[in-house]
Amino acid sequence: MPITGINPAHERTTAPYENWRPPIIGVSLLIPIGTDALVVADLLGSIMLPTGPVHDYQTPEQAALNVLHGPEDGCPLLRRAALAWVQMRRRKVITHVLATAPMTKSDAGQLTYHDPRAVVRVLPTLRIVDDLPEPGRLRVLVGLQALATGETGYIEGGVVLPSPPPDLFECPRTSQPIAPN
């Protein structure tokens, strides 16, 4: 008798590749210099927006203060310009893009990146858009558009959305707060 179909006893059960681990949350800074340049970090020849992690029970704004060091008053954060997320194989990766008030080149010259291998540079916006890889390029373009329109941009898996999905902010954190005694 020919074998047809699949034996239910040997059927493999699979789980979707979603959120097996807590999400990775990061912050990137969009720092305009005048109207035609941005601050970038040059890490061993690769340029990127200055970026850092958001640790447990830390707001993106608090994390952004640790990305660059320099002027006494720090980077004057304005607001969230964009929020990008992508579902990787086992976890979600969320990046908050925070914009600062425009700085001068001399103020930007005082900035240092948290990674000592990187050099902080001021480059023309068009060069940055050309040189960044696609995810970074999209974050910069959506962030600049958000600064111009006053709205926050949302990017899901490389697609710009008109509004955030309602479940985006319901991400489990890696640890629970300790209750006060």
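The values are calculated or read from the model by the stated rules, or taken from the named source; none is laboratory data. These numbers come from a predicted model, not from an experiment. Quick reminder, even Gly has a Cβ in these numbers, built from the backbone with ideal geometry, and neighbours come from all protein chains shown. Heavy atoms of the whole protein, side chains included, go into the accessibility calculation; ligands, DNA and RNA do not. Shrake-Rupley method; radii C 1.70, N 1.55, O 1.52, S 1.80 Å.
Do you know which residues across segment 39-70 are under 17 Å from Pro135 (Cα atoms) and buried (at least 16 other Cβ atoms within 10 Å of the Cβ)? Correct list: Val40, Ala41, Ile47, Met48, Leu49, Pro50, Thr51, Gly52.
For segment 75-90, what are the residues that are surrounded by 15 or more Cβ atoms within 10 Å (Cβ to Cβ) and of a type in the set (D, E, K, R)? Matches in segment 75-90: Arg80 only.
Table: residues versus (1) touching a Lys or Arg at 6+ places or on another chain (Cβ under 6 Å); (2) β-branched (Val, Ile, Thr); (3) closer than 24 Å to Ile24 by Cα.
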position	(1), (2), (3)
Leu83	no, no, yes
Val93	no, yes, yes
Val97	yes, yes, yes
Val119	no, yes, no
Leu126	no, no, no
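In segment 111-129, the residue that is surrounded by the fewest Cβ atoms within 10 Å (Cβ to Cβ) out of those that are part of a strand (DSSP E or B) and in contact with a helix residue (DSSP H, G or I) (Cβ under 9 Å, 6 or more places away or on another chain) is Leu123. Residues in segment 130-161 that are open to solvent by 50 Å² or more (accessible area, probe 1.4 Å), among the hydroxyl-bearing types (Ser, Thr, Tyr) and under 17 Å from Trp85 (Cβ atoms): none.
Condition test on Asp107, is it under 13 Å from Val39 (Cα atoms) and either free of Cβ contacts under 8 Å to residues at least 40 places away in the same chain or in contact with a Cys (Cβ under 6 Å, 6 or more places away or on another chain) (or both)? Considered against the rule, which asks whether it is under 13 Å from Val39 (Cα atoms) and either free of Cβ contacts under 8 Å to residues at least 40 places away in the same chain or in contact with a Cys (Cβ under 6 Å, 6 or more places away or on another chain) (or both), Asp107 comes out as yes.
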